[in-house]
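Q: I'd like to ask some things about the structure below.
The values are calculated or read from the model by the stated rules, or taken from the named source; none is laboratory data. Keep in mind that this is a model prediction, so the values were computed, not measured. Here Cβ is always computed from backbone atoms with ideal geometry, including for glycine, and neighbour counts include all displayed protein chains. Heads up: the accessible areas ignore ligands, DNA and RNA and are worked out on the full protein's heavy atoms, side chains in. Shrake-Rupley method; radii C 1.70, N 1.55, O 1.52, S 1.80 Å.
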Amino acid sequence: MTADELLQQIEGEMTGDPQADIHYIHTLSDTLKKEENAEELLSVLADYAFKLLPDEQKKYMLEATFVRDMRMDKAFSVALQYISEDKMNEAEALLSEISDKIHEHFEQGDIKWFSFRNPFEYHLFRTYYPTMTEFERAPFDFAHYLTIYGYVLLEQRNLPAAAKAVERGIAFNPVNADFRFELAEICKFGGDAKSLMNVNLDTLRVCTSADRIARALCNMGYYCNMVGDYFSAAVFYFESVRFSPSKAVELELQDVVKHMKALGQKFNPPTNGQVLDTYEKYGIQPPPNDNIVELAIKLGEQAHEYNRPELEGLFYRVAYDLTREPKFKEILTRIDEQLGFKQPEA
């Protein structure tokens, strides 16, 4: 979709009611994230939404979401460009200003703000935090902004500040595993085994795809290696590869097995019983998380009843990614035919 096509679509849907129109634009933003030029389209969408705001709200948004006379998402894009050019000092300075703006306007007061990336994350949050019913949608992806700030601080070897930034990011989206992976990297870099273990457990609880499970299990292997539990490390690396093949993880597994061999220990592909024992040893429910699978199926069924194929596809994609069950693949194929595009290869 081009920017002109998007504007034409938006103008055709406007009702003249600013509140309803802004709600439509917020809903539309979720569907644009899959477009190749998503960043451009979301920027156009934000510009259009800003024009619809009453003057008083425009004044507030200028104060709360503009940095160096740029809307925050544009300032963040500049920071990403600095990172790509290895200008870490410039990136840190700009991200620090973004961080301060977020803290001042969105981390204080009675309103709780969240930046869920898709409807499934919203429903997963409501499932895990049922008593938290009063909150607002953040105007931008603050979880991502603060996590990237943490990454830059880690590159600058400022570990305490990096961890704090990422933890703030996680607070804006506690049900996305990706942000927790950055916190795990900080723990690994700092040699903090205890914190790494806790982060891994929290991450596995919210993994919504096989590749995320694989990465979390790899981090468990790293933890076990740190504390000298080499057999468990090998099991977790083995399980990681089972969920998502990776040459890098296979090399980690080989290194652990070589170390065990040097210590006079043997390692063969673990039996199912040994795998279950290893999970139990660390208080881990073997993935995938049944609660997430069940939620995805339930939401998929509801979306089908309400004839929302785009949402049905989103929810069943989670179920399929976690289980690889053919029945979910068949549903996704049917939905893709209905929506008129080809299903990506598994």
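Q: Which aspartates and glutamates have a Cα lying under 15 Å from the Cα of K87, excluding residues fewer than 8 positions away in the same chain?
A: Cross-link targets: E155.
Q: Note down the nm distance, to one decimal, between modelled labels 7 Å out along Cα→Cβ at R334 and at L7.
A: The modelled label-to-label distance comes out at 4.1 nm.
Q: Round to the nearest 0.05 the FRET efficiency obtained for H259 and E301 when R0 = 41 Å and r is the Cβ-Cβ distance.
A: Taking R0 as 41 Å, the efficiency between H259 and E301 is 0.30.
Q: Taking θ as phi - 60°, what are the ³J(HN,Hα) couplings along the range 192-207 by the Karplus curve (6.51, -1.76, 1.60), each to the nearest whole Hz, with x for Gly and Pro?
A: Ordered by residue, 3J(HN,Hα) equals 8, 5, 4, 5, 4, 4, 5, 5, 4, 5, 5, 5, 4, 5, 10, 6 Hz.
Q: Could you state the accessible area per residue of the range 146-236 in Å², with a 1.4 Å probe and every protein chain left in place?
A: Result: 34 Å² of accessible area for each residue.
Q: Students often forget the sequence filter, so: which lysines lie under 24 Å Cα-Cα from K58 once same-chain residues fewer than 8 apart are removed?
A: Correct list for K58: K74, K101, K112.
Q: How do R168, R205, R117 stack up against each other in accessible area, from largest to smallest, with a 1.4 angstrom probe?
A: Correct descending sequence by accessible area is R205, R117, R168.
Q: For the chain, what relative contact order do you get, as a whole percent, if you take Cα pairs closer than 8 Å and at least 6 residues apart?
A: 9
Q: Rounded to the nearest percent, how much of the accessible area of the chain (1.4 Å probe, protein heavy atoms only) is carbon and sulfur?
A: Exposed carbon and sulfur together represent 50 percent of the surface.
Q: If R0 is 45 Å, what FRET efficiency do you get for V227 and K327 from their C-beta distance, rounded to 0.05?
A: 0.65
Q: Determine the sum of side-chain charges near V275: Lys and Arg each +1, Asp and Glu each -1, restricted to other residues whose C-beta is under 14 angstrom from that of V275.
A: Within the 14 Å Cβ shell, the charges total -1.
Q: If you don't mind, another one. Under 18 Å between alpha carbons, and skipping anything fewer than 8 positions from K298 in its own chain: which lysines qualify?
A: List returned: K327, K329.
Q: At a Förster radius of 41 Å, what calculated FRET efficiency corresponds to the Cβ-Cβ distance of E63 and A248, to the nearest 0.05?
A: Calculated transfer efficiency: 0.35.
Q: Next question, about the same structure. Mind checking which of F328, L201, Q57 is farthest towards the positive end of the chain's charge dipole, using Cβ charges of +1 (Lys, Arg) and -1 (Asp, Glu) about the Cα centre?
A: L201
Q: In the range 180-268, how many lysine pairs have Cα atoms under 26 Å apart, counting only pairs 8 or more places apart or on different chains?
A: Pairs that pass both the separation and distance tests number 8.
Q: Let me ask another. Among P245, L28, L45, which residue has its Cα positioned farthest towards the positive end of the charge dipole of the chain, with +1 placed on the Cβ of Lys and Arg, -1 on the Cβ of Asp and Glu, and the dipole taken about the Cα centre?
A: Towards the positive end, the residue furthest out is P245.
Q: Treating only the Cβ atoms of Lys and Arg (+1) and Asp and Glu (-1) as charged, compute the dipole magnitude of the range 229-346 about its Cα centre; round to the nearest 20 debye.
A: Dipole magnitude for the range 229-346 comes out near 400 debye.
Q: At 222 nm, what value in deg cm²/dmol follows for the chain if DSSP H runs of at least 4 each add -39500 (n - 2.57) and the sum is divided by all its residues, to the nearest 500?
A: That calculation yields -23500 deg cm²/dmol at 222 nm.
Q: Additional query: Using a simple charge model, +1 on the beta-carbon of Lys and Arg, -1 on the beta-carbon of Asp and Glu, nothing else, what dipole does the chain show about its Cα centre, in debye to the nearest 20?
A: The calculation lands at about 1440 debye.
Q: Along the charge dipole of the range 150-258, pointing to its positive end and built from +1/-1 on Cβ of Lys, Arg, Asp and Glu, which listed residue (A216, Y151, A234) has its Cα farthest out?
A: Y151
Q: Further question on the same structure: Let me check something: with ligands and nucleic acids excluded, how do K87, K247, K164 order by accessible area (1.4 Å probe), largest to smallest?
A: K247, K164, K87
Q: To continue, here is another question. Considering only the other residues whose Cβ falls under 11 Å of the Cβ of I83, what net charge follows from Lys and Arg at +1 and Asp and Glu at -1?
A: After counting each charged neighbour, the total is -4.
Q: Restricting to Cα pairs below 8 Å that are 6+ residues apart, what does the relative contact order work out to for the range 7-147? Please round to a whole percent.
A: Rounded, it is 17 percent for the range 7-147.
Q: Still on this structure, I have one more. Please calculate the 1.4 Å probe accessible area of C187, with all protein chains present, and give it to the nearest 10 Å².
A: C187 exposes around 10 Å² with every protein chain in place.
Q: Next question, about the same structure. If you count, for each residue, the other Cβ atoms within 10 Å and average over each peptide, how do 105-113, 68-76, 169-177 line up from highest to lowest?
A: Output ranking for 105-113, 68-76, 169-177: 169-177, 68-76, 105-113.
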